[in-house]
Amino acid sequence: MIRTILLGPPGAGKGTQAAIIVKNNNIPHISTGDIFRENIKNGTELGKRAQEYMSKGELVPDDLVIEIATTRLLEDDCKNGFILDGFPRTVHQAEELDKFLDEHGQEISVVINLEVPDDVLMKRLTGRRVCPKCGATFHIVGMPPKKEGICDICGAELIQRPDDNEETAGNRIEVYNRETKPLIDYYEKKGKIANIDGAAALEVASAAVAEALGG
Ligand code: AP5
Ligand code: MG
């Protein structure tokens, strides 16, 4: 059973890889970033609280994120596995996730650590375009849509994420290095890390991810 965490800096390809894993395995993709963006779009209280932090590239407070993620993991579709994308992001979140999984007789099978150098990340983030309707992700240079500015999958007009400007993206990378990178060590000690070259061509990176997940 696949119970995996996609770990990696902003722009490493977590969302892109998750979409490929979902196609080949019938398990849900749980992105805390996507959950917050959906709440911002719907103008909920949670969205308002999260936006304060996301717009600056800071982390949303642990207690809020842990509550959202563990509530989602209790849903029926997670019984046969799940892909966590962007959670946990601090050692405290990881400890709470372990506690939660332990209480439910579950454990993480493997943590996919997508490694990408900072200069590549910046180009990926500032060139990224996303579909506000179906969530598909493109890149103006690396993975352009067939028709400029239009989603290949559903035909909606593509947008740029508000936190993908140079300043906010730069802060997100710094926050990752400070708060999230220690998780590599955390999961390495548990023997769960699979290091993947996330800067490789998409087919190469996704083949390596599939292999780490068990073929
Ligand atoms: P979140 O939405 O999770 O953003 P992130 O971690 O910054 O990661 P991204 O979504 O930017 O990158 P990605 O790794 O998914 O890359 P992608 O596949 O799109 O979080 C946003 C915010 O929410 C946080 O800043 C924080 O405020 C808050 N938050 C969320 N979770 C939280 C938590 N647990 N705790 C506290 N706060 C939390 O790819 C990027 C680009 O590269 C795309 O254009 C893609 O086409 C391209 N690309 C991908 N792979 C390749 C490849 N192999 N070759 C060439 N191009 C590629
Ligand atoms: Mg993402």
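The values are calculated or read from the model by the stated rules, or taken from the named source; none is laboratory data. Predicted model only: the values in this text are computed from it and were never measured. Cβ coordinates were reconstructed from backbone atoms using ideal geometry, including for glycine residues, and neighbour counts include every protein chain displayed. We work out accessible area using only protein heavy atoms, side chains counted, and drop any ligands, DNA or RNA first. Shrake-Rupley method; radii C 1.70, N 1.55, O 1.52, S 1.80 Å.
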(message) Can you tell me which condition residue 100 does not meet? The list is (1) outside any loop (DSSP other than H, G, I, E, B); (2) of a type outside the set (Asp, Glu); (3) farther than 25 Å from residue 164 by Cα; (4) open to solvent by 40 Å² or more (accessible area, probe 1.4 Å), and all the others hold.
(response) (4)
(request) Select, from 28, 9, the only residue that is near ligand 1 (Cβ under 8 Å from one of its atoms) and modelled with pLDDT of 95 or more. (result) 9
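In the range 138-147, which residues are within 15 Å of residue 15 (Cβ to Cβ) and crowded, with 17+ Cβ neighbours inside 10 Å?
At the first step, the residues of the range 138-147 found to be within 15 Å of residue 15 (Cβ to Cβ) are 138-139, 142-143.
138, 139, listed by residue number.
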(message) Just to confirm my filter: which helices (runs of 4 or more DSSP H) fall fully inside the range 125-215 and include at least 1 residues that are acidic (Asp, Glu) and under 27 Å from residue 55 (Cβ atoms)?
(response) 166-175
(request) Go through 157, 115 for me and flag whichever is over 14 Å from residue 11 (Cα atoms), acidic (Asp, Glu) and more than 10 Å from ligand 1 (Cβ to nearest atom). (result) 157
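Does at least one position in the range 88-97 carry a residue that is polar (S, T, N, Q), out of contact with any Cys (no Cβ under 9 Å at 6 or more places or on another chain), assigned to a loop (DSSP other than H, G, I, E, B) and surrounded by 14 or more Cβ atoms within 10 Å (Cβ to Cβ)? Walk me through it before giving the result.
Looking only at the range 88-97, we keep the residues that are polar (S, T, N, Q), and these are 90, 93.
Then keep just the ones that are out of contact with any Cys (no Cβ under 9 Å at 6 or more places or on another chain); that gives 90, 93.
Subsequent filtering for residues that are assigned to a loop (DSSP other than H, G, I, E, B) retains 90.
Add one more test, that the residue is surrounded by 14 or more Cβ atoms within 10 Å (Cβ to Cβ), and what stays is 90.
Within the range 88-97, one or more residues are polar (S, T, N, Q), out of contact with any Cys (no Cβ under 9 Å at 6 or more places or on another chain), assigned to a loop (DSSP other than H, G, I, E, B) and surrounded by 14 or more Cβ atoms within 10 Å (Cβ to Cβ).
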(request) Among the numbered conditions (1) buried (at least 16 other Cβ atoms within 10 Å of the Cβ); (2) assigned to a helix (DSSP H, G or I); (3) over 16 Å from the mean Cα position of the chain (by Cα), tell me where residue 106 comes up short. (result) (2)
(request) Please list, ordered by first then second residue, the pairs with beta carbon atoms under 9 Å, 6 or more apart or interchain, first in the range 190-215 and of a type in the set (Lys, Arg), second part of a strand (DSSP E or B). (result) 190/111; 192/5; 192/110; 192/111
(message) Return the pair list, or none, for Cβ contacts closer than 8 Å from residues in the range 74-85 that are under 15 Å from residue 109 (Cβ atoms) to residues that are open to solvent by 100 Å² or more (accessible area, probe 1.4 Å) and of a type outside the set (Val, Ile, Thr), at least 6 apart or on different chains.
(response) 80/1; 80/26; 81/1
(message) Go through the range 116-139 and report how many residues are more than 19 Å from residue 170 (Cβ to Cβ) and more than 16 Å from ligand 2 (Cβ to nearest atom).
(response) 1
